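The values are calculated or read from the model by the stated rules, or taken from the named source; none is laboratory data. Please read these numbers as outputs of a predicted model, since none were measured by experiment. Here the Cβ positions follow ideal geometry from the backbone for every residue, glycine too, while neighbour counts run over all protein chains shown. Note: accessible area is taken over every heavy atom of the protein model, side chains too, but ligands, DNA and RNA are not part of it. Shrake-Rupley method; radii C 1.70, N 1.55, O 1.52, S 1.80 Å.
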Amino acid sequence: MQLFDVVIVGGGPAGSSCAAFCAVAGLRTLVLDREKFPREKVCGDCLNPSCWPVLERLGVAQRVRDLSHSKLRSVEFIAIDRRRVIVDLPSCADCEISVKRALFDDLLLKRARELGANVHEQTTVTGLSRNGDWKIETDSGQTFQAPMLIGADGRNSTVARFCNLLPRPARERVALQAHIPLPRDFGNRIVLQFLPEGYSGQAPVNETQLNLCVVGTPPTISILRKWAERQFDLPANQSWRTITPLTRSPIRAAHENLFFVGDAACVIEPFTGEGIYYALRSGELAANAIAKILRGDDRNSALREFSRAYAQLYRGRLWINRLSRAAVLRPQLGSFFIDTARFNPSILKLLTAKIVSPGR
Ligand SMILES: Cc1cc2nc3c(=O)[nH]c(=O)nc-3n(C[C@H](O)[C@H](O)[C@H](O)COP(=O)(O)OP(=O)(O)OC[C@H]3O[C@@H](n4cnc5c(N)ncnc54)[C@H](O)[C@@H]3O)c2cc1C
């Protein structure tokens, strides 16, 4: 049995951010992830500008800029009838970029390691129990013990499931994602395209590859895949990554000696491309609270402070999430909105500016 101050299940952006800040605070920190990094992840690969301040505090902003990436200059919204509206993105130094998750997540996990966190890859959590401290069992046969446990293990969180906190999945949508050859003259734009059966998101991730996502329901996803094969001239044996659900109820982030961060706590509609920011920032907030609790500060005030900051993170933003979900669940409605925006694009510009405003 190996002892730590904090065990973090999941080494995505939420887990790595939390681990890095815990390690900096001097805590004996362990990250467990079932995958071997670098690993891909179903995602649009877009980094919202609000990530930059957290990346600066993690000391990796320059290293992220040094990764192979694309600077994104505009969003093109395409309605079902193929009418389109283009909204420019801010062109500041720390603008919206797209970078493959294999590169980005690997860099963050390396940073956590560099700052002193222990990382065990290819280690799946298979059991949890609590008798004072948490006891964490894994498929490698190793067992770990810690007073603090973090669920940073994504939307289908095993930690939440073992604690009977995972909401029942709704009848839900499914996403497919692939990196495909970048079409000529695609440009530095994000494309958000409504289709009768769902929607597609597209963004270049470097000079040769396009991130392509399609989102639909289980009965329609094969129609969307066929649309993508035709649209981008893909072979029938194109390999796709897949994920579900795209929406689920949130889980309370702070419990006694247990925190949930990133998607494990709250799943954001992917259409707006903000999930990585919430993962990074919620990981940082949880680390601050844990460091205070473990060094003996008043637990209740640390938890109150965390809950306030966590609520602040989402305040005034979830309506955008709901609005975009309403649009993507009824693509005809989303398309109507785009058709209307052709004559008065100010509302679309305003929404886009709110989503990509830097330095939140
Ligand atoms: C189609 C789609 C497009 C998206 N596009 C964007 C976008 O463009 N921009 C954006 O910001 N966000 C986007 N998102 C959201 C974004 O992908 C997530 O919000 C983000 O990955 C959350 O990070 P996380 O660290 O919480 O979880 P994850 O990145 O899911 O990491 C969880 C980690 O936990 C590990 N794990 C899980 N279970 C176990 C276990 N039992 N034991 C050990 N390890 C385990 C997994 O291997 C994984 O590495 C998109 C999402 C979807 C579905």
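Compute the Cα gyration tensor for segment 9-73, then decide on rounded, prolate or oblate, letting a ≥ b ≥ c be the square roots of its eigenvalues: rounded whenever a/c is under 1.5, prolate when a/b is larger than b/c in the other cases, and oblate in all that remain. Oblate, because a/c is 1.5 or more while a/b does not exceed b/c.
Considering only alpha-carbon pairs that sit under 8 angstrom and 6 or more positions apart, the relative contact order computed for the chain is 25 percent. Taking label positions 7 Å along the Cα-Cβ direction at both LEU67 and TRP319, the computed distance is 3.3 nm, reported to one decimal. When the solvent-accessible area of segment 267-360 is split by element, carbon and sulfur atoms take up 59 percent of it, the probe being 1.4 Å.
Relative to the dominant Cα principal axis of the chain, helix 13-24 is inclined by about 40°. Full extension of the chain between SER129 and ASN156 yields a length gain of 7.8 nm, computed as 0.36 nm times the residue separation minus the alpha carbon distance.
Counting lysine pairs in the chain that sit 8 or more residues apart in sequence, or on different chains, and whose Cα atoms lie under 27 Å apart gives 19. For segment 85-220, the solvent-accessible area of protein heavy atoms averages 43 Å² per residue (probe radius 1.4 Å; ligands and nucleic acids excluded).
How many angstrom separate the Cα center of segment 68-135 from the Cα center of segment 198-215? Using only Cα atoms to place each centre, the spacing works out to 15 Å. Entry note, segment 148-251: relative contact order of 33 percent, from Cα contacts under 8 Å with a spacing of 6+ residues. Axis angle, to the nearest 10 degrees, between helix 275-294 and the longest C-alpha principal axis of the chain: 10 degrees. Using just its DSSP H runs of length 4 or more, each adding -39500 (n - 2.57), the chain gives a mean residue ellipticity at 222 nm of -10500 deg cm²/dmol after division by all residues. For the chain, the percent of C-alpha pairs falling in each 10 Å distance bin, counted from 0 to the bin holding the largest distance, reads 5, 25, 33, 24, 10, 2, 0. If you fit an axis through the alpha-carbon atoms of helix 346-355 and take the longest principal axis of the Cα set of the chain, what angle between them do you get, 0 to 90°, nearest 10? Orientation of helix 346-355: about 20 degrees from the principal axis.
What translational diffusion coefficient, in µm²/s and rounded to a whole number, does the Stokes-Einstein relation yield for segment 46-201 at 4 °C and a viscosity of 1.567 mPa s, taking the hydrodynamic radius as the Kirkwood radius over Cα pairs? Calculated translational D: 67 µm²/s. Taking every protein chain into account, the accessible area of segment 281-328 amounts to 50 square angstrom per residue (probe 1.4 Å). Solvent-free Debye calculation, one equal scatterer per alpha-carbon of segment 46-124: log10 I(q)/I(0) at 0.19 Å⁻¹ equals -0.87.
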